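Written out below as structure tokens is the structure these notes cover.
The values are calculated or read from the model by the stated rules, or taken from the named source; none is laboratory data. This one's a predicted model, so the numbers in the text were calculated from it and none came from an experiment. Positions of Cβ are generated from backbone atoms using ideal geometry, with glycine treated the same way; all protein chains shown enter the neighbour counts. Protein only, heavy atoms only, side chains kept; ligands, DNA and RNA dropped before computing areas. Shrake-Rupley method; radii C 1.70, N 1.55, O 1.52, S 1.80 Å.
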Amino acid sequence: MNKPLSPAILETSIQRHGTHEVLNQALPASGFNAFDGDAVLRATIAREAPWAAGRCAALGALAGDENVQELARLANRHTPELKTHDRFGHRIDWVEFHPSWHALMSLAWKHEVPNLCWRTHEAGGHIARAVLSYLWNQVEHGTACPTGMAYASFAGFAAEPALAVWAEKSKGTEYEFSRREVGDKPSVVIGYAMTEKQGGSDLRETQTTARFSHSDDYHGATAHWYELTGHKWFCSVPQSDGFFTLAKVNGGVTCFFLPRTLPDGNFNRFFVQRLKDKAGNKSNASSEVEFAGTLAIRVGEEGRGIREILSHSHLTRLDFAVGSAGLMRQALTLALRHTTTRKAFGTPIAARPMMANVLADMAVEVEAATLMALRVARATDRMKTDEQEKLLARVATPAAKYFNCSRAPAIANEALQCHGGNGFIEENPMARIYREAPLNSVWEGTANMMCMDVRRAMLKDLRTVDALFAELNPLKGRDRRFDALLGATERLVHAAVGDEFLARPMTESVARALQAADLMRYSSPEVVDAFLATRCPDAAGAWGSMFGTLGLGLDNAAANRIVERAGVLR
């Protein structure tokens, strides 16, 4: 028979369990609307595309929905699995996903993240779609890869009559995970398979070859089919319904579109060799693939493949600039939530003057990145009717892609610092953001490639330089600090045109000047002053290498107003 516990033991047990009470932990960042609470996004949509406000608010609610946040966690916890064969031994080359991935994809397609601009007849379609992408990048990053590729693919479909059925299906809003033929599907998911082991980003080194097979009717248009042979080192979203790819025809790099399922219902010869074990972006499948007698439709003329694919590149680069800004916004939101709801030394962490400096500095950087990305989206809306906007986009797009994607890791690192050790565990979304942050800077062209493209655009057509300064010069004379930045940018542009060595400092200066211009047009006095005081040549604020080094000329009260402007959780 068990003896009753002594009073002393009972007292010890009570005391022990008393220490289990959880005190002073931060509240989760949930129950908010990432659009309604974002002053920059609201103002942009009110100014450029008021018809899209309801759509943006509906998607913004998902970013703060704890159930959707759990889907994002699960999709990254239970990663894709390659199935090369079925249980009977048949080759299937398919990828299995956790149900959370499909739930997220369904939400993204339902909310028109991949295709709003192609579906609407309203003005400002690209900027409205950019805001949706910005918001989606605060929901889940892996699914932002297929949404971005579906967005860019429409340019290729629209230019090739044989792919009209794909153009139409790419506007669908009902996601379906299946291998049905395109004509039977409500919408499609699109992948890209460009780079190879030996060439990387230098697509001229493509070794995959293509041999003409036949011409035939394809959904009411004539398609020219070729057989492809070769390997691709990076193929994103290998479970897609179709892929844009490159292969050489008689030595000339040519663009092709490869359906996974052929018109007769048979599966194309598309062999997935393995899935990449990536540092981040875990929910999304990336792969190596082999073509062996694989059928694909020629897009454009033989030997003009790189030029053809560049029509997509503008859109993918825009989406990466937007996506990295969205990731930075999510990191800032998490940092603000943690520091405002957790105490240290008797006050909320955010109330400490040093932390106010850090948060305000981050908020300035995020707003600048956001406005620059949205400026490129506005230029994209106007490219077909305004030569000035078209010329500006040629330099502003790679500049924004370079700068935003390169700055994202710095913001992610500082946001993690705001969390301390709590941010470095996988249960916290901050850990996922930290691993994701560098990715966009290497996809669709590394930093050096983007700077090279800015310089190449200027060398090819000096009117792009005129367009750039036509964008910036109207603000000249408003603030001597901006004038100093503008002068430095002019000198670097003219020097870099003649010397590739200066391409990166020139591109950074172009990006900072574009950011400063739109902040001066649209932001608050405190944000503008903080930016100009710290990010311009010979700035009096003596900005350091790290965030939180806003110097003289900005006081604690001004920093608090900047932080208040940046908050989405009230």
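Details
- Per-residue SASA entry for CYS536, accessible area with 1.4 Å probe, Å² rounded to 10: 10 Å²
- For the stretch 462-570: relative contact order, % (alpha-carbon pairs under 8 angstrom, 6 or more apart): 20 percent
- Between the stretch 120-156 and the stretch 43-90, the alpha-carbon centres lie 12 Å apart.
- Of the residues TRP233, TRP166, TRP118, ranked by 1.4 Å probe accessible area with the largest first, the sequence reads TRP233, TRP118, TRP166.
- Charging the Cβ of each Asp and Glu at -1 and of each Lys and Arg at +1, and nothing else, the dipole of the stretch 93-173 about its Cα centre rounds to 220 debye.
- Translational diffusion coefficient of the stretch 379-507 (Stokes-Einstein, Kirkwood radius from Cα pairs, 4 °C, 1.567 mPa s): 78 µm²/s.
- Accessible area per residue in Å² at 1.4 Å probe, computed on the stretch 115-220: 36 Å²
- The listed residues LYS401, LYS197, once ranked by accessible area (1.4 Å probe) with the largest placed first, stand as LYS197, LYS401.
- Pairs beyond 32 Å (Cα-Cα), from LYS110/LYS278; LYS185/LYS282; LYS83/LYS248; LYS276/LYS384; LYS197/LYS401: LYS276/LYS384
- Check: the chain dipole with +1 on Lys, Arg Cβ and -1 on Asp, Glu Cβ, in debye: 540 debye
- Accessible-area value, GLU70, 1.4 Å probe, nucleic acids and ligands omitted, Å²: 70 Å²
- Our estimate of slack between ALA344 and ARG91, defined as 0.36 nm per intervening residue step minus the Cα-Cα distance, is 85.2 nm.
- Exposure ranking of ASP93, ASP499 by accessible area [1.4 Å probe, largest first]: ASP499, ASP93
- Given a 1.4 Å probe and the protein chains as shown, CYS117 ends up with an accessible area of around 20 Å².
- Cα-based radius of gyration for the stretch 137-245, normalised by 2.2 N^0.38 Å, reads 1.14.
- Dipole of the stretch 487-570 [Lys/Arg +1, Asp/Glu -1 at C-beta], most positive-end residue of ALA558, GLY544, VAL528: ALA558
- Ranking PRO80, ALA46, GLN69 by Cα position along the charge dipole of the stretch 40-103, where only Lys, Arg, Asp and Glu carry charges on their C-beta atoms, puts ALA46 farthest toward the positive end.
- Rounded to the nearest 20, the size of the Cβ-charge dipole of the stretch 197-317 about its Cα centre is 500 debye, with Lys and Arg at +1 and Asp and Glu at -1.
- For the stretch 262-282 versus the stretch 427-482, the gap between their alpha-carbon centres in whole angstrom: 32 Å
- Among LEU475, ALA488, ALA503 - extreme Cα towards positive end, dipole of the stretch 454-552, charges at beta-carbon: ALA503
- Inverting the pair-averaged 1/r between distinct Cα atoms of the stretch 112-153 gives 10.2 Å as its Kirkwood hydrodynamic radius.
- For the stretch 344-425, the Kirkwood hydrodynamic radius from C-alpha pairs, put into Stokes-Einstein at 25 °C and a viscosity of 0.890 mPa s, yields a diffusion coefficient of 164 µm² per second.
- Options [x] 127, 59, 47; [y] 70, 50, 48; [z] 88, 84, 44 - which one matches Cα extents along the principal axes in Å as calculated here: [z]
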